[in-house]
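Notes for the one structure printed next.
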Amino acid sequence: MTSSQAPAAARGGPADIHHARRWWILAVLGLAQLMVVLDSTVVSIALPHAQSDLHFSNSDRQWIVTAYSLAFGSLLLLGGRLADTFGRKRVFLTGVIGFASASAIGGAAVSFGMLVAARAVQGAFGALLAPTALSLLTTTFTHPSERGKAFGIYGGIAAAGASVGLLLGGFLTQYLDWRWTMYVNVVIAVIVTSGGAALLAPHAAEVRQRIDRLGTVLAGVGLFSLVYGFAHAATKSGSAGWTDPQTLGFLVAGLVLLVAFVIAELRVVHPLLPMRVVTDRNRGGAYGAMFLASVGMFGVFLFLTYYLETVLGYSPVRTGLAFLPLTGAVLVSSALANTVLLTRVSPRVLIPLGLLTAAAGMALLTRIGLHSSYASTILPPLLLLAAGLGLVFAPSFSLGTLGVAGGDAGVASATINVAQQIGGSIGTALLNSIATSAAATYVATRAATTPRPLLAASAAVHSYTVAFWVGAAVFVLAAAIVGPLLRPGVPDLAANEGIEPALAHA
């Protein structure tokens, strides 16, 4: 037990309780994180079945995903600050119960509008849940060696959750019903709620700061506008989406509001996001790495899923199983990155190395064809990509919350979740638009020379390879940008040992 924990231990206070139960708490928080992350993909495989049941159009289909992203991304910073202000255990359990309730309503949806509304409410409660879980992890694991292990596991879950969602969504859709991709959250939430109620120590915050209302509005509406702008662009064909007045209006409004948010945060007494959180070089670099890696990563799940199911003819379950090696490799790579490498290697080397490794894996995926072998063409790039993502995500989660004051743990956790969520939303819209344009161009230039039965499949494969090349370029660009931001030298992983008072917010 560290010296910072000793006083609380003597009092039998929250720090002592959390320290004694820390590995059980990690299991609960990891399961909560898995529930939030897998929900971004578990519904994707079920969408065609939901569309058939509820009779909505192809253009409406994307809003099932976008409604969740809009609410989740725009409310994350507020969720992190609420956790710091009103108590992390209280906000965590509220988030879990609300998320499960919205999932149950979504599973029982009888109309498109009801399903979209349920997904938006899911996102809102997810914005409470995700940053609070990470801030609880930050305040529970303060010893350097244990922190590395805990964040390695947590980062691995965050990186692998999307592929777990594909596997779980495939099984539930194929063997039960699409509605179970929503109901499954209720089952997980019962376990998380029971564990959180029993293991987390409640304690009111000693000083309750006022909520920064102006910052909340500027950040929330700004992030909403930015995500909506990219999502709207993806609904149009080709480049038309990016020149559409509505797209441009929302993107410009989002950027203006976020600039205004930064200016406002520099002037208010109790900011929603204190600039000291993001101006630290390691934390700022971690947020940048998480954002850019998410832009490139989500294209893999989107386009490789389409490729496996529509070109190679995989079933939903087989598609999910195809991503399973990626899940295992990410977990191993994440654990190795945080427990072994981050204590010996500068993040300025480690994180760019991971980004370049992921870029190499993405580039190798461009070899796919109409009749590619999974074992020789798809599996090796997936494993390489997983190794790279593990070297990025786990250290970024750790660095993004390292050295923050106890009262800022929630908002620091929210910031790294914002980076991941907004990056994923932008990446999905951007790569989908690029792929759509590539497919249309391929059809236009090859229609006269390619037999009609092969034309659509060949155009699809071409569009996926273009998207993979763009994803690889994003990873390379990320390495070039993030590397100089990160501080040279091995980080002081003991920087969080002094935040024991933060446990008073649990």
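Residues that are over 23 Å from Ile481 (Cβ atoms): which helices (runs of 4 or more DSSP H) entirely in the stretch 265-356 hold 2 or more of them? Correct list: 281-306, 316-322, 324-336.
Close contacts from the stretch 23-50, counting a first residue that is at positive phi and a second that is at pLDDT below 75 and not acidic (Asp, Glu), with Cβ to Cβ under 8 Å and a gap of 6+ residues or different chains, come to none at all.
All conditions in (1) among the aliphatic types (A, V, I, L, M); (2) closer than 16 Å to Thr465 by Cα; (3) surrounded by 20 or more Cβ atoms within 10 Å (Cβ to Cβ) hold for Ile434, with the sole exception of (3). Of the residues Thr415, Thr428, Thr436, the single one that is more than 27 Å from Gln33 (Cα to Cα) and polar (S, T, N, Q) is Thr436. Among the residues of the stretch 312-328, just one is hydrophobic (A, V, I, L, M, F, W, C) and more than 16 Å from Ala375 (Cα to Cα), namely Val317.
Please work out if Ala32 is part of a helix (DSSP H, G or I), within 20 Å of Leu166 (Cα to Cα) and modelled with pLDDT of 85 or more. When the stated conditions are applied, Ala32 passes them. Scanning the stretch 331-360 for residues that are β-branched (Val, Ile, Thr) and modelled with pLDDT under 85, we see that the one that is surrounded by the most Cβ atoms within 10 Å (Cβ to Cβ) is Thr339. Restricting the first residue to the stretch 263-281 and requiring it to be more than 13 Å from Val404 (Cα to Cα), which pairs with a second residue that is of a type in the set (S, T, N, Q) meet a Cβ separation below 7 Å and a spacing of at least six or different chains? Filtered contacts from the stretch 263-281: His270/Gln209; Leu272/Thr216. Taking the listed residues Val110, Val164, Val96, Val116, the one that is in a helix (DSSP H, G or I) and without any contact (Cβ under 8 Å) to a residue 60 or more places away in the chain is Val116, with no other qualifying. If you take the residues in the stretch 361-403 that are in a loop (DSSP other than H, G, I, E, B) and more than 20 Å from the chain's Cα centre (by Cα), which one is surrounded by the fewest Cβ atoms within 10 Å (Cβ to Cβ)? Residue satisfying both the conditions and the ranking: His371. For Leu304, the criteria (1) without any contact (Cβ under 8 Å) to a residue 60 or more places away in the chain; (2) touching a Phe, Trp or Tyr at 6+ places or on another chain (Cβ under 9 Å); (3) of a type in the set (A, V, I, L, M, F, W, C) hold in every case but one, which is (1).
Rundown of residues vs (1) more than 28 Å from Phe224 (Cα to Cα); (2) surrounded by 18 or more Cβ atoms within 10 Å (Cβ to Cβ); (3) at pLDDT below 85; (4) in the same structural domain as Gly148 (by TED's automatic domain parsing), yes/no style:
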{"residue": "Asp408", "(1), (2), (3), (4)": "no, yes, yes, yes"}
{"residue": "Ser413", "(1), (2), (3), (4)": "no, yes, yes, yes"}
{"residue": "Gln420", "(1), (2), (3), (4)": "no, yes, yes, yes"}
{"residue": "Thr428", "(1), (2), (3), (4)": "no, yes, yes, yes"}
{"residue": "Tyr442", "(1), (2), (3), (4)": "yes, yes, no, yes"}
{"residue": "Arg446", "(1), (2), (3), (4)": "yes, no, yes, yes"}
{"residue": "Thr449", "(1), (2), (3), (4)": "yes, no, yes, yes"}
{"residue": "Ala457", "(1), (2), (3), (4)": "yes, no, no, yes"}
{"residue": "Val482", "(1), (2), (3), (4)": "no, yes, no, yes"}
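In this structure, Thr445 does satisfy being out of contact with any Phe, Trp or Tyr (no Cβ under 6 Å at 6 or more places or on another chain), free of Cβ contacts under 8 Å to residues at least 60 places away in the same chain and of a type in the set (S, T, N, Q).
The values are calculated or read from the model by the stated rules, or taken from the named source; none is laboratory data. Keep in mind that what you see is a predicted model, and the values were worked out from it rather than measured. Glycine gets a Cβ as well: all are built from the backbone with ideal geometry, and neighbour counts include every protein chain shown.
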